[in-house]
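Here's the structure we're looking at; comments come further down.
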Amino acid sequence: MRNLLDLDLPALVAFFESIGEKPFRARQVAHWLHQRGADDFSQMTDLAKSLREKLPGVAEIRPPRLEHEHVSADGTRKWLLDVGPNNRVETVFIPEDDRGTLCVSTQVGCALECAFCSTGRQGFNRNLSVAEIVGQLWWANKALGRDPKGERIISNVVLMGMGEPLLNFDHTVAAVSLMLDDDAYGLSRRRVTISTSGIVPAMDRLRERLPVALAVSLHAPDDALRDRLVPINRKYPLKELMAACRRYVVDAPRDFVTFEYVMLDGVNDQPEHAERLLRLTRDVPCKFNLIPFNPFPDGGFRRSPAERVRAFAGQLIAGGKVTTTRKTRGDDIDAACGQLAGRVEDRSRRLVRRMRPDTTLEVGA
Ligand code: SAH
Ligand code: SF4
């Protein structure tokens, strides 16, 4: 039984061919699934009756189960999805004046153990399927719909929820291709952003397969500090990461990468850190996005004071880098990106510990 939400357009075409149907049925069904949020074949009234009756025998429409929806006072919304016993992932919608951004998760937990991240703290369980990744947009779209002018409320997607998207490469790419496809969600490549902790070979593969906007979680200006905060740096150190960023922006949808930088009080927020960041990124077309640290129980770090964040941003701007500071949103429901707690049954702890000194994570074939 194929779950049709697992299939991008080429796979959907192949599926319809395999059951003896014309390829254009794939587009028709994609419209129903992704643009109208259909969850039952009987709703697909422009399909031949015989096909509508055949489909339930060979295919299903199975989004992740919606467990909970929260709405925060500032308009932020959060959906909690059940992805199996003891496992939950979250997706968050953040409205802004000129856009609506959905923050999507790609894994149940994360194996990379960044020191300041509540997802990393919970360990890793498994990759999300395509249906579970795109299902987040499917649910949010159903809930939010269109504005009075007929425009989709969700104009942007950022893969900044739980997990490392580039360590779930194939499912992430298929889900993103549905986000971009005019027969599905039709988002612009410039408005879908993949955020990575810096999986260098996968950044190159992404550039070849499906270039979209890229954000890189930098968080430190030198290897010694980054090794500590973002342990995958031991495998892909800054020199290689900066080179990969320079390669990525050539002919990319956006001619810069966005460096995310979480502001940790007294750890990486001093004037000399900004100075070194400017030196490190001198030859990299980039912008900076400073993220005030979101504390969580036993997080072990403090958020930098607002005036320090302002001064740090000022220093980067004076050095010629466009720099923004993320507003903290949805604080009342813990819904800021990078702060999605979900719930994870860790299945990897021992494995990760063993790999830690010289991390050798699979990055896909
Ligand atoms: N794994 C990917 C994407 C998910 S994390 C990555 O690391 O890029 C999305 C962003 O939130 C990353 O920049 C991450 O470093 C940041 N983040 C994680 N925990 C955070 C916290 N407690 N406060 C603020 N930002 C955090
Ligand atoms: Fe994983 Fe990203 Fe969290 Fe690091 S910051 S542990 S890569 S989700």
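Read-outs throughout are calculated quantities, based only on the coordinates presented, and are distinct from any laboratory measurement. Being a predicted model, the structure only gives us computed values, none of them experimental. Heads up, the Cβs are rebuilt from the backbone with ideal geometry, glycines too, and the neighbour counts pull from every protein chain shown.
Can you pull the Rg over Rh of the range 1-89, Cα-only, Kirkwood? Let's see the in-between values first.
Numbers: Rg = 15.8 Å, Rh = 14.7 Å.
Reported Rg/Rh (Cα atoms, Kirkwood Rh): 1.07.
For D283 and R209, compute 0.36 nm times the residue count separating them, minus their Cα-Cα distance, and round to one decimal in nm. Walk me through the intermediate numbers first.
Values: separation 74, 0.36 × 74 = 26.64 nm, distance 2.48 nm.
Answer, rounded to one decimal: 24.2 nm.
Grab the DSSP H runs of the chain that are 4 residues or longer, score each as -39,500 (n - 2.57), total them, divide by all residues and round the 222 nm result to the nearest 500 deg cm²/dmol. Let's see the in-between values first.
On the way: 12 runs with 117 residues, N = 365.
Per the formula, -9500 deg cm²/dmol.
For the chain, with only Lys/Arg (+1) and Asp/Glu (-1) charged at the beta-carbon, what is the dipole magnitude about the Cα centre, in debye rounded to 20?
Numbers: 53 positive and 49 negative charges, 85 e Å.
Dipole size: approximately 400 debye.
Report the relative contact order of the range 65-354, percent, no decimals, based on alpha-carbon pairs under 8 angstrom and at least 6 residues apart.
Rounded, it is 22 percent for the range 65-354.
Check each of the GluC sites (Glu not before Pro) in the range 68-174 and keep only those in coil by DSSP with at most 12 other C-beta atoms within 10 angstrom; list them in order. Before the final figure, lay out the partial values.
Working: sites: E69, E90, E96, E113, E132, E151; in loops: E96, E113, E151.
Answer by residue number: E96, E151.
Are there any trypsin sites (Lys or Arg not before Pro) in the range 1-45 that are in a DSSP loop and have at most 13 other Cβ atoms within 10 Å? List them by number.
Values: sites: R2, R25, R27, R36; in loops: R36.
Here the trypsin sites (Lys or Arg not before Pro) that fit, given the DSSP loop and packing criteria, are R36.
Select from M242, G320, M44 the residue farthest towards the positive end of the dipole of the chain; place +1 on Cβ of Lys and Arg, -1 on Cβ of Asp and Glu, and compute about the Cα centre.
Comparing the listed Cα positions along the dipole, M242 ranks first.
Modelling each spin label as a point 7 Å along the Cα-to-Cβ direction, I'd like the T324/R308 distance in nm, to one decimal.
2.4 nm
How far apart, in nm, are two points set 7 Å out from the Cα along the Cα-to-Cβ line at E272 and at A11?
For E272 paired with A11, the spin-label model returns 5.0 nm.
Given the range 65-354, report the % of alpha carbon pairs whose separation exceeds 30 Å.
The share of Cα pairs beyond 30 Å in the range 65-354 comes to 26 percent.
With +1 on each Lys and Arg Cβ and -1 on each Asp and Glu Cβ, how big is the dipole of the range 193-326 about its Cα centre, in debye rounded to the nearest 20?
Roughly 180 debye for the range 193-326.
Would you kindly derive the ³J(HN,Hα) couplings of the range 225-239 from the backbone phi angles with the Karplus curve 6.51 cos²θ - 1.76 cosθ + 1.60 (θ = phi - 60°), listing them in order in whole Hz, with x for Gly and Pro?
Once rounded to whole Hz, the list reads 6, 5, 3, 6, 7, 10, x, 5, 4, 5, 8, 10, x, 4, 4.
So how strong a dipole does the range 1-72 carry about its Cα centre when Lys and Arg Cβ are +1 and Asp and Glu Cβ are -1, to the nearest 20 debye?
Dipole magnitude for the range 1-72 comes out near 280 debye.
Given the options S197, S348, S129, state which has the largest fluctuation in a GNM of the chain using a 10 Å cut-off (strictly under) for Cα springs.
Checking each option, the largest mean-square fluctuation is seen for S348.
What are the semi-axes of the equivalent ellipsoid for the range 286-327, taken as the square roots of 5 times the Cα gyration tensor eigenvalues, largest first, in whole Å?
Ellipsoid semi-axes (Å, largest first): 23, 10, 7.
Report the full-extension gain for the segment V250 to R189: residue separation times 0.36 nm, less the Cα-Cα distance, to one decimal in nm.
20.5 nm
What's the extension gain from E53 to R152 if we count 0.36 nm per residue and subtract their Cα-Cα distance?
Length difference between fully extended and current span is 32.5 nm.
Would you work out which of P285, F301, G20 lies farthest towards the positive end of the dipole of the chain, given +1 charges on the beta-carbon of Lys and Arg and -1 on that of Asp and Glu, about the Cα centre?
P285
Given labels modelled 7 Å from the Cα in the Cβ direction, how far is it in nm from R99 to S18?
Computed distance between label sites R99 and S18 equals 3.6 nm.
Given R₀ = 22 Å, FRET efficiency for N3-E67 by Cβ-Cβ distance, to 0.05?
So the FRET efficiency works out to roughly 0.70.
Can you list residues whose amide H is under 5 Å from F288's amide H, if they're 5+ apart or on another chain and H is modeled 1.01 Å from N?
Here the answer is F259, V322, T323, T324, since their amide H atoms fall under 5 Å of that of F288.
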